[in-house]
Amino acid sequence: MIGAGVKRGTAELAILSVLEEGPLHGYEMARRIEEQTKGALRFTLAALYPMLYRMEQRGWIRGAWETSQSGRRKRCYRLTPAGKKKLSPLRKEWAELFGALKRLTKVAHA
Amino acid sequence: MPDWQELVRKRLSGLKLGSAEREEVHAELAVHLEESYESLRTKGLPEQAAMQQTLAQVADWQDLRREIQIARTVKENLMNDRVRQLWLPGLLTFALSMGLLELVQKFGARPIVLDLDKGTPVLMFYTPWLLALPLAGALGAYLSKRAGGSARIVLASSIFPVLPFGVVFMIAGPVGLVISHSLAHHIVTAAFFSMSVGWVLAPGIALLVGGFLMQLLISRRSSTHGISMS
């Protein structure tokens, strides 16, 4: 079973990455992540919002209410400078981790 | 179609937040549920199935209430990144540097005095202090790096003790030149130069050497040990 720390780390990376493309509200964020990872990562409401609120507390993202073209009010999140700064080392860290796991599984199968 | 906001309000009852903040959370989650439901309906799911699938996103509403409450009220990091990566290591490095200077002076180490010119201020170096400063710089760099500081922040933490002096001299130098009507300008310039070298430049280089070596050491260790999964 994947530990909570790993899950949280990948979720944070996914959210920061998708917000790098532009501001999004929660539902659209979950939809994009699912679409871009071809269903490998799925955020339910219960998983997404506590994560968004935690990231907002840390100052990585900022939410603000906006009115969409349909007239519906939605809370849109955007990356803060601190979030942008966090993204690059986080990406590097996860790339190293996946690289290491890949090497490990190759050795195990050899 | 149900009243999503009312549904969320009922299921998240007991959420201990300010009333405005609580309403915001209810509204935000309601919009999410509404959009999920509409999307499923657009895909052709019957009302009942779409409703079930939408609500299946939350297995335990009490658990979600707890999670939201923790996320919105508990500060995970009491100190923000800047404090942990720069201010704390910097202030500790400053305290250690001043402590080392105090020790050097207490044990009677004589400063090296360089006479620049007759009657003008002199350069003073406490050699043992300068030799010990790389340790302080290394400590600052270590603490900053451990807190996840970038290379720039790590080096800033290691030279932190000289930054206040640097700022003071940068202000005091020009101000001194302006107000020193009665003194010869070359004396003020020499004083500014000697104090900058003695209290900023030389200690700054010593601290930087320690910080740089520590950063090098940590980078080499992390490249051989990989990432820690703490």
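The values are calculated or read from the model by the stated rules, or taken from the named source; none is laboratory data. It should be emphasised that the depicted structure is a prediction, and the values quoted were computed from it without experimental measurement. When we count neighbours, we look across all protein chains shown, and the Cβ atoms used for this are built from the backbone with ideal geometry, even at glycine. When the accessible area is computed, the model is the full protein with side chains, heavy atoms only, and any ligands, DNA or RNA have been set aside. Shrake-Rupley method; radii C 1.70, N 1.55, O 1.52, S 1.80 Å.
Couple of notes before you dig in:
- Accessible-area composition of the protein assembly as shown, carbon plus sulfur, in percent [1.4 Å probe]: 62 percent
- In this view, the solvent-accessible surface of B:ARG66, computed with a 1.4 Å probe and all protein chains in place, comes to about 120 Å².
- Counting only protein chain heavy atoms and rolling a 1.4 Å probe, the accessible areas of A:VAL107, B:VAL74, B:VAL200 rank, largest first, as A:VAL107, B:VAL74, B:VAL200.
- Helices of chain A meeting both criteria, an alpha-carbon length of 20 angstrom or more along the long axis and an average Kyte-Doolittle score not below -1.0, with helices taken as full DSSP H segments, are A:4-20, A:81-109.
- For the protein assembly as shown, the fraction of alpha-carbon pairs in successive 10 Å shells from zero, as %: 5, 18, 21, 17, 14, 12, 8, 4, 1, 0
- Dipole of chain B, positive direction: furthest Cα of B:SER13, B:PHE94, B:ALA56, with charges on the beta-carbon: B:PHE94
- Whole-Hz ³J(HN,Hα) from phi, Karplus 6.51 cos²θ - 1.76 cosθ + 1.60, for segment B:208-213, glycine and proline x: 5, 4, x, x, 5, 5
- Calculated FRET efficiency for the pair B:LEU131/B:ILE218, C-beta based, R₀ 25 Å, to 0.05: 0.65
- Computed accessible area, B:VAL209, all protein chains, 1.4 angstrom probe, square angstrom: 70 Å²
- List B:MET170, A:MET55, ordered by accessible area with a 1.4 Å probe, largest first: B:MET170, A:MET55
- Computed extension gain for B:GLU6 through B:ALA56, at 0.36 nm per residue and net of the alpha carbon distance, reaches 16.3 nm.
- Most to least accessible of B:VAL113, B:VAL162 (protein chains only, probe 1.4 Å): B:VAL113, B:VAL162
- Rolling a 1.4 Å probe across all protein chains gives A:SER70 an accessible area of roughly 100 Å².
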